[in-house]
Amino acid sequence: MNKLTIVLFLISGMAFSQSKLRSDIDQRAAEIEDKVIEWRRDIHQNPELGNQEFRTAKKVADHLRSLGIEVTEEVAVTGVVGVLQGGKPGPTVALRADMDALPVTERVDLPFKSTVTATYNGQETGVMHACGHDTHVAILMGVAEILAGMKDDLAGNVKFLFQPAEEGINEPGVTTWGAKQMVEEGVMEDVDAVFGLHIGSQMEVGKIGYRSGPALAGVDELEITVHGTQAHGASPWSGVDPIVTSAQIINGFQTIIARNVNITEAPAIVTVGAIHGGIRHNIIPEKVDMIGTIRTFGDEQQALVHKRITEIATHIAESAGAKADVRIKKMYPSTINDPELTEMMGPTILAAAGDGNVLTNPLITGAEDFSFYQREKPGLFISLGGMKKGGDPTKTPSHHTPDFYIDESGFILGLRVMSYFVVDYMGMN
Ligand SMILES: [Zn+2]
Ligand SMILES: [Zn+2]
């Protein structure tokens, strides 16, 4: 054989073995679909809040062990990490699912409806998988079963990351996220690429959405205290009014998006959500407190917005003879899909979903702690359709609401695409 023939032979050989792996996945996914739905119903009926996912974690760990997967428990409090060794050498591909539910009382009439209650921030509340993390757990358990059944054909290892507390623990004295904690405990060190999905209640089943680069916003919390000098409301000249100063600061913030952010690249948001100051109609108070949220796409934009907030607040205050203390607490970084990995996996997504079923996601101003993994290694995060076929997204309840509902017929595509990611990535590396 000459060189060209050898290359063609190798390419067609690879294409053949890839398509055989994919059809093997398709068959195995169809076989376990019902089981995945059953797991999901069980998890849905037994939701647990962040860092309390004891029952869910045990179910996951028992299942992974039954497949011969090496399991580590109590990672990042309640997280479970499984490692499946492939039959051939190759990269380590991580797949992630989040396990936590939310303090929401379920209103959907289902035979497996949640009636679980808990105390959250001192309040009695229902607990519900109102973000669909139950579906992520069940799908990844299914993917583990599919890939464990094909382990001799895998050229590399698969690391299953079942993490707690995606929605975050934000209590007095504690602010953290499951993914952040998992990363701090070293789960990403031996990983080459990481994949994750989020079910969407307003995207039709059978569809996959994604976008390259910044995809979901980074979130930061803003706190400002404006210190003035208290005075009688009838003689404002004898003090420094922090209320008027705060009003000017809030107006000043409006120019950050309008004048400083390059909106042709990505939008950003600065919202002041609460403002407190004063006690009586004729007293100019000593101080005003404001809190708000900042949404940005990418580190550069985040740095710019933070800088402008601080400059505007402190300098406006200064010009009034007041003083502004600006505190910005970094929460979730922006979810950034690695452009090279995303491009590489485009054909894989298309192969899984089929023509006409792949969408370009709009920028999402919500956030995801999957971003913490992506800061360590190249990662790709996709949306998976979970709305009934033919449903109207504008009339379908959104995530985090008591009427949130997911159509289970969307799971099989999740099983297939996550498994495809593994074999295709291994085939290309
Ligand atoms: Zn959520
Ligand atoms: Zn979520």
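The values are calculated or read from the model by the stated rules, or taken from the named source; none is laboratory data. In this text, all values refer to a predicted model and were calculated from it rather than measured experimentally. We place every Cβ from the backbone using ideal geometry, glycine too, and count neighbours over all the protein chains shown. Areas reflect the complete protein model, heavy atoms only, side chains present, ligands, DNA and RNA absent. Shrake-Rupley method; radii C 1.70, N 1.55, O 1.52, S 1.80 Å.
Please give the peptides 217-225, 155-163, 109-117, 321-329 ranked by average Cβ packing (other Cβ atoms within 10 Å per residue), highest first, as a rough proxy for protection. The partial results should precede the final answer.
Values: 217-225: 21.6, 155-163: 25.2, 109-117: 12.8, 321-329: 16.6.
With the highest mean Cβ count within 10 Å placed first, the list reads 155-163, 217-225, 321-329, 109-117.
Given their separation in residues at 0.36 nm each and the Cα-Cα distance between them, residue 429 and residue 70 gain 126.9 nm when the chain is fully extended.
How many Å² of accessible area per residue for region 64-176, probe 1.4 Å? About 36 Å² of surface per residue is accessible. Taking the 1.4 Å solvent-accessible surface of the chain as the whole, the part contributed by carbon and sulfur is 53%. Only helices enter the 222 nm calculation for the chain: every DSSP H run of n ≥ 4 contributes -39,500 (n - 2.57), and dividing by all residues gives -12000 deg cm²/dmol, rounded to 500. According to the calculation over all Cα-Cα pairs in region 331-382, the P(r) per 10 Å bin from zero is 23, 48, 27, 2 %. Here the Karplus curve 6.51 cos²θ - 1.76 cosθ + 1.60, taken at θ = phi - 60°, turns the phi angles of region 366-383 into couplings of x, 9, 8, 7, 3, 4, 5, 5, 5, 6, 8, 9, x, x, 9, 10, 10, 9 Hz, with x standing for Gly and Pro.
Counting 0.36 nm for each residue step from residue 255 to residue 230 and taking away their Cα separation leaves a gain of 6.1 nm.
For the peptides 339-348, 401-410, the ranking by packing is 401-410, 339-348, with the highest mean count of neighbouring Cβ atoms within 10 Å listed first.
Once you've got the GNM for the chain with C-alpha springs shorter than 10 Å, pick whichever of 199, 37, 139 has the biggest mean-square fluctuation. Its mean-square fluctuation being the largest, the pick is 37. Hydrophobic long helices, here whole DSSP H runs in the chain with Kyte-Doolittle means of at least 0.0 and Cα atoms spread over 15 Å or more along the helix axis, are found at 133-148, 242-255, 339-353, 411-428.
Sort the following peptides by mean Cβ neighbour count (other Cβ atoms within 10 Å, averaged over residues), highest first: 356-367, 170-181. Don't skip to the end; give the middle numbers.
Details: 356-367: 14.6, 170-181: 17.4.
Highest-to-lowest ranking by the protection proxy: 170-181, 356-367.
Per q in 0.09, 0.10, 0.12, 0.14 Å⁻¹, report the Debye log10 I(q)/I(0) for the chain, using one uniform scatterer on each alpha carbon and no solvent. Log10 I(q)/I(0), no solvent term: -0.63, -0.75, -0.99, -1.24.
Dipole of the chain computed with +1 at Lys/Arg Cβ and -1 at Asp/Glu Cβ about the Cα centre; of 337, 130, 120, farthest Cα towards the positive end is 337. With all protein chains kept in place, the per residue accessible area of region 320-429 amounts to 41 square angstrom at a probe of 1.4 angstrom. Straight-line cross-link partners of residue 323 among the lysines, defined as a Cα under 26 Å from its Cα and at least 8 positions apart when in the same chain: 287, 307.
When you work out D = kT/(6 pi eta Rh) for region 142-228 at 4 °C and 1.567 mPa s, using the Kirkwood radius from C-alpha pairs as Rh and the Stokes-Einstein form, the result is 75 µm²/s.
Comparing 234, 380, 75 along the charge dipole axis of the chain, the residue lying farthest to the positive side is 234, per the Cβ-charge model. The charge dipole of the chain, taken about its Cα centre with unit charges on the Cβ atoms of Lys, Arg (+1), Asp and Glu (-1) only, comes to about 620 debye. For each pair in 35/113; 159/180; 113/207, compute the distance between the two Cα atoms and list the pairs where it is over 20 Å. Listed pairs above 20 Å: 113/207.
Partner lysines whose Cα lies under 21 Å from the Cα of residue 20, excluding those fewer than 8 positions away in the same chain, are identified as 88, 151.
Using 0.36 nm times the number of residues separating residue 124 and residue 400, minus their current alpha carbon distance, what extension gain do you get?
Working: separation 276, 0.36 × 276 = 99.36 nm, distance 1.71 nm.
My answer for the length gained is 97.7 nm.
On a per residue basis, the convex hull of the C-alpha atoms belonging to region 292-429 measures out at 157 Å³. Ranking 212, 17, 274 by Cα position along the charge dipole of the chain, where only Lys, Arg, Asp and Glu carry charges on their C-beta atoms, puts 212 farthest toward the positive end. With the cut-off at 28 Å, report for region 5-142 the share of all Cα pairs above it, as a whole percent. When all Cα pairs of region 5-142 are counted, 33 percent exceed 28 Å. Spacing of the modelled spin labels on residue 88 and residue 243, each 7 Å from Cα toward Cβ, amounts to 7.4 nm. Around the amide H of residue 74, modelled in the peptide plane, lie the amide H atoms of 79, all under 5 Å away and 5 or more residues distant in sequence or on another chain. Under a Cβ-only charge scheme (Lys and Arg +1, Asp and Glu -1), can you give me the dipole magnitude of region 300-383 about the Cα centre, in debye to the nearest 20? So the magnitude is around 460 debye. Note on region 163-306: with charges restricted to the Cβ of Lys and Arg (+1) and Asp and Glu (-1), its dipole about the Cα centre is near 820 debye.
With a cut-off of 19 Å, note down the residues of region 185-220 whose backbone N falls inside the zone around a label point 7 Å from the Cα of residue 359 toward its beta carbon. Label zone hits: 196-217.
Label-to-label distance, residue 33 versus residue 293, with points set 7 angstrom from Cα along the beta-carbon direction: 3.6 nm.
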